[in-house]
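Structure first, commentary second.
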Amino acid sequence: MNCLQSRHQNSQVIDNMNYFLRLNEKQAGPYSIEQVRLMMRTGQVSKDTLYWEDGLTEWLPLSTLGDEIPAPMPVSAAAFAPPAAPIVESRCSRGVYIILGLFLGPLGVHNFYAGRYSAGVLQLMLSALCLGIFKVYKGIAEGVAGDPSTYHQGHMNTLETLCFAISIFVAVSVIGELLTVTKDGKGRRFYLT
């Protein structure tokens with residue numbers, strides 16, 4: 001009998017043995033060696049798990065079985081990683097977004113089109129505030145002076161300065177958005193036209 005046949009016969013004898021395992025401080029089993037191997041591969045037991053079989057006087061770690069129990073298969077993080085999300089294009093066109101921004105940017109229309117509602121509302125409110133300041137100031141000036149031609153006499157008033165600053169802020173934000181925004185409000189890329 002050669003070495004391979006002897007090893008095969010020993011393997012068959014071991015496969016027929018029954019193993020008891022110590023799992024969660026309780027005895028479990030009996031298990032065949034194939035079941036123990038499977039439990040090792042799936043990570044249910046480790047080399048430190050205690051086992052007992054006929055003929056032993058004490059519980060021993062599975063590591064004492066040597067080559068009969070294979071090392072557990074390494075589990076890579078990629079095995080549990082979710083699949084990559086598909087890239088979904090927006091129904092919004094980048095070209096339309098830019099055109100709306102150029103012509104109606106201070107009103108935030110381009111942001112409403114792209115589903116970026118908070119930016120659109122902010123731009124609309126700032127523009128409305130600026131227009132309201134201008135109208136109120138003009139009304140006060142006409143009421144005091146009585147003559148609309150005297151409205152722009154003198155230097156800029158504080159309210160006019162505030163209105164001018166708001167207008168500059170809105171214009172700069174619109175230009176910045178037109179140059180940098182490439183996704184709609186849901187994070188989907190614009191399609192190019």
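What's the total number of residues in the range 114-135 that are in contact with a Gly (Cβ under 8 Å, 6 or more places away or on another chain), of a type in the set (A, V, I, L, M, F, W, C) and in a helix (DSSP H, G or I)?
4
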Next item on the list: Evaluate the following for ALA141: is it surrounded by 15 or more Cβ atoms within 10 Å (Cβ to Cβ), at pLDDT 85 or above and of a type in the set (A, V, I, L, M)?
Entry: no
Notebook entry, point to check: Are any residues in the range 27-76 out of contact with any Leu (no Cβ under 6 Å at 6 or more places or on another chain), modelled with pLDDT of 80 or more and of a type in the set (Ser, Thr, Tyr), and if so, which ones?
Noted result: TYR31, SER32, THR42, SER46, THR57, SER63, THR64
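The values are calculated or read from the model by the stated rules, or taken from the named source; none is laboratory data. From a predicted model like this one, the values you see are computed outputs, not experimental measurements. Cβ: placed from backbone, ideal geometry, glycine included. Neighbour counts: every protein chain shown.
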